[in-house]
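Just below is one structure, and these are the notes that go with it.
We did not get these values from a lab; they are worked out from the coordinates using the rules stated. Note that the structure is a prediction, hence the values are computed from the model and not measured. Note that each Cβ is placed from the backbone with ideal geometry, even for glycine, and that neighbours are counted across all protein chains shown.
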Ligand code: GLC
């Protein structure tokens with residue numbers, strides 16, 4: 001069964017049934033003030049940092065699910081019946097319901113007994129506040145009087161404290177109310193949270209227990225049920241913001257009320273955004289901003305679901321991951337993790353063409369976490385700029401460094417330079433954690449040197465606390481544990497760095513890196529080739545992992561895909577490796593990460609975290625969507641357009657819209673994982689939105705299937721597509737010009753380019769030049 005559909009004309013995902021199998025969410029804001037909103041109005045808000053500057057509350061693991069949120073109750077003064085136009089929290093049957101998740105906003109509309117309410121939630125561009133824009137309409141044929149009650153529940157700014165030190169936080173937060181404005185304040189701290197409204201409220205409440213009643217729930221708060229606001233002033237306990245309006249509407253008449261919620265009671269902002277005209281203007285500006293962002297690359301191919309993802313929802317998701325890394329979703333409570341070096345390093349890859357300045361700032365912050373020896377902190381708290389070792393601190397006896405973190409920053413930085421041409425960035429001095437600042441160039445050199453200098457068995461890179469797979473914790477200090485995947489990532493990073501240094505005219509460094517790359521590639525090809533495919537590494541005793549001789553985990557996906565991404569396998573071995581993965585790991589919902597999964601009593605200390613999961617879950621043989629994306633890239637690099645497209649479709653959430661009851665998560669964004677074939681709930685997805693899947697699915701789709709890749713000297717157009725795509729179009733902005741690209745495939749090939757014309761002239765080679773002239777250029781590519 002499906003719960004909605006994508007509306008191409010508005011770019012919205014339209015949810016048509018409020019009882020989705022999980023809350024289906026959207027993100028508000030542009031990385032400063034923002035939050036999450038679900039299809040029934042649930043969710044929470046924060047300012048810059050979901051842990052330390054939480055604004056509104058959310059109850060994880062609560063029953064009923066997905067409360068509280070940004071609510072407005074409706075009550076018919078005559079019948080005394082009340083409901084929520086967003087369905088939650090009252091959950092009264094609605095005659096009509098629709099939630100439209102769009103870029104940066106969500107509109108939920110519900111009607112009941114001739115009264116409809118539509119609320120649009122958004123953050124005005126550049127502002128530190130959120131707006132709820134309510135339109136109330138009388139569709140019945142008689143005059144009606146409707147009371148409305150807004151509801152927002154404030155959090156103590158430290159969201160962890162808000163859950164744990166109720167004795168303290170519950171005494172120091174108090175409310176203040178003035179007409180049209182409720183504030184939560186504290187004499188001990190500078191807190192000035194506000195909920196404000198337009199119009200002429202007839203009452204208000206600020207004390208949660210007064211509003212709801214001790215033994216009631218949000219589905220039936222006493223004030224709403226009785227229809228009498230109490231004008232309560234909270235002196236301690238739980239502070240809420242609630243305004244009551246009383247609206248009388250003739251048949252066909254509408255009225256608007258706007259609400260503002262913000263972490264600061266700034267008079268100008270309150271005045272501005274409680275004025276409907278200013279709200280309209282801000283909403284238009286938000287639309288323009290997203291139009292610009294989404295226009296940086298669009299595609300028109302025969303695959304409509306691919307178009308919808310690449311043009312709209314995948315870039316929307318990529319923006320959220322760049323902003324919030326893995327910190328605040330409905331699965332990541334925003335209480336602990338800061339930004340991950342590995343995660344954010346990869347998040348930059350997808351949207352550097354659209355938001356180059358933000359990507360540069362992210363890279364600057366991440367490089368600032370590097371140590372003199374070349375490794376980096378694993379995570380960073382952006383507000384304080386402090387880094388730490390993240391999950392490694394759970395096991396201080398194991399290495400307190402990761403073998404991959406620093407290498408992703410090399411990929412991200414080279415990609416940034418290819419996209420923007422900004423080689424000056426490489427001269428920018430950036431701090432180290434433990435030594436004097438040095439230019440970005442040197443940060444890159446040290447990152448590569450760290451891997452070179454930390455080797456395990458056979459000369460493969462030593463594993464450290466883990467590699468990309470957080471749960472592969474097999475390095476206990478003997479010096480033998482090793483990672484083939486990090487080796488392959490190192491090869492790719494060396495290759496990229498060699499290209500960069502060559503571009504800078506530093507031939508000798510470039511040659512050195514090429515030689516290092518070739519040596520590591522040969523070594524991997526030699527020691528990690530298992531006969532039919534590549535093994536994954538060694539544990540602390542030097543026993544192979546992911547090899548045919550293993551009892552569990554005889555084959556891993558990443559070793560096969562990365563043998564191709566790292567340029568280690570030649571065409572033959574690459575095809576063999578990917579076929580082995582295809583035969584043993586591929587399912588209708590994507591690739592399982594390993595097979596067979598570990599099935600052990602307790603956990604296997606020699607492997608670590610993976611074995612805490614039951615077979616088929618997460619890294620223990622689940623379909624780890626982020627890892628799956630590399631199969632698309634690998635198939636494309638082998639020139640296999642059919643498989644590349646098949647793998648793309650297996651992951652595309654829109655392809656699973658009709659099995660939402662099994663899939664559970666949103667059909668418009670990627671989830672981190674899907675339970676694998678050995679799990680009883682095979683096919684069920686979880687942890688949507690904040691996942692590296694977003695960035696890599698976009699890279700796989702745009703740079704490998706569609707095949708438009710930035711290089712130092714121009715754009716390469718090198719598609720790998722199914723043979724039956726006879727043509728497609730791409731618009732791509734690149735270094736100050738717009739490229740209107742048409743690709744023709746007259747001979748029904750899967751890859752290969754026979755001819756490229758730019759503005760009507762055939763060019764030599766396959767690099768479309770840089771123009772930087774603000775104009776539009778026509779590019780005609782003929783495959784063959
Ligand atoms: C999670 C982590 C990511 C890691 C992956 C595989 O998605 O955020 O850093 O690479 O799991 O373990």
Alpha carbon centroid spacing (whole Å) that separates the stretch 195-221 from the stretch 559-623: 52
16 Å reach of a label modelled at residue 231, 7 Å along Cα-to-Cβ, counting backbone N of the stretch 180-198: 180-182
Quick check: residue separation of residue 429 and residue 395 times 0.36 nm, minus the Cα distance between them. What number comes out in nm? 8.9 nm
Given labels modelled 7 Å from the Cα in the Cβ direction, how far is it in nm from residue 178 to residue 759? 5.9
FRET efficiency, 1/(1 + (r/R0)^6) with R0 45 Å, evaluated for residue 253 and residue 773 via beta carbons: 0.25
Prolate/oblate/rounded call for the chain, Cα gyration tensor, a/c under 1.5 rounded: prolate
What shape does the stretch 61-185 take by its C-alpha gyration tensor, where a ≥ b ≥ c are the square roots of the eigenvalues and a/c under 1.5 counts as rounded, a/b above b/c as prolate, and the rest as oblate? prolate
Where q = 0.23, 0.34 Å⁻¹, what log10 of I(q)/I(0) comes from the Debye formula for the stretch 131-174, counting one point per Cα? -0.86, -1.25
Under 19 Å from the 7 Å Cα→Cβ point of residue 140, by amide nitrogen: which residues of the stretch 251-273? 251-256
According to a simple spin-label model (label point 7 Å from Cα along Cα-to-Cβ), what is the distance in nm between residue 723 and residue 742? 2.5
FRET efficiency estimate (nearest 0.05) - Cβ-Cβ, residue 449 to residue 19, R0 51 angstrom: 0.40
With a ≥ b ≥ c the root eigenvalues of the C-alpha gyration tensor of the stretch 562-684, is it rounded (a/c under 1.5), prolate (a/b larger than b/c) or oblate? oblate
Footprinting proxy, 434, 640: sorted fewest to most Cβ within 10 Å, the residues are 434, 640
Can you tell me the order of 201-209, 465-473, 744-752, 689-697 when each peptide is scored by its average per-residue count of other Cβ atoms within 10 angstrom, highest first? 689-697, 465-473, 201-209, 744-752
Expected output is a single nm value to one decimal: the length gained when fully extending between residue 280 and residue 200, i.e. 0.36 nm times separation in residues minus the C-alpha distance. What is it? 26.8 nm
Give the order of 25, 40, 86, 164 when sorted by the count of other beta carbons within 10 angstrom, beginning with the fewest. 164, 25, 40, 86
Cut-off 14 Å, label 7 Å out along Cα→Cβ of residue 1, residues of the stretch 18-42 by amide N: 18-22
With a cut-off of 8 Å between alpha carbons and a minimum separation of six or more residues, what is the relative contact order of the stretch 632-784 in percent? 19
Could you work out the relative contact order of the stretch 106-205, using alpha carbon pairs under 8 angstrom and six or more residues apart, expressed as a whole percent? 14
In nm, spacing of pseudo-spin labels at residue 48 and residue 436 (7 Å Cα→C-beta vector): 3.1
How high is the relative contact order of the stretch 298-441, given as a whole-number percent (alpha carbon pairs under 8 Å, six or more residues apart)? 21
How would 725, 408 line up from fewest to most surrounding beta-carbon atoms within 10 angstrom? 725, 408
